[in-house]
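What follows draws every value from the coordinates through simple rules; no lab data is involved. Because the structure is predicted, anything quoted here is derived from the model rather than measured. Cβ: placed from backbone, ideal geometry, glycine included. Neighbour counts: every protein chain shown.
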Amino acid sequence: MTKAPELRLERPFYSPSEVAELIRVHPSTILNYIHAGRLYAIQLSERTYRIPARAVLKLVAPDLARPPRLRERPDDAVDVDSFDRALRREHSRRRT
């Protein structure tokens, strides 16, 4: 993958072909990244994806991508043990 000089992301979302053009790879490479979980994308239909600008930036220049902001904080202390027990119960139900 070749980085484009001074990548400017002016829109909030991009198509896989637009991202491929920006970073100079084949569009199927971008789709492969999406399917492998290497690139976050929103699936709008069976064959249509949109990629947020932050995901493009994270792919091309991970050091420049800001981490997502914390939008909500719990009011009380979180009981991790009860959460773990509930999670284990949920997983055991899915296996059976």
Please compute the Kirkwood hydrodynamic radius over region 7-66, one decimal place, Å, based on all pairs of different Cα atoms. 11.4 Å
Show me 17-25, 31-39, 82-90, 43-51 ranked by packing, highest mean number of other Cβ atoms within 10 Å first. 17-25, 31-39, 43-51, 82-90
At what distance in nm do the modelled label points of ARG38 and ALA53 sit from each other, each positioned 7 Å from its Cα along Cα→Cβ? 2.5 nm
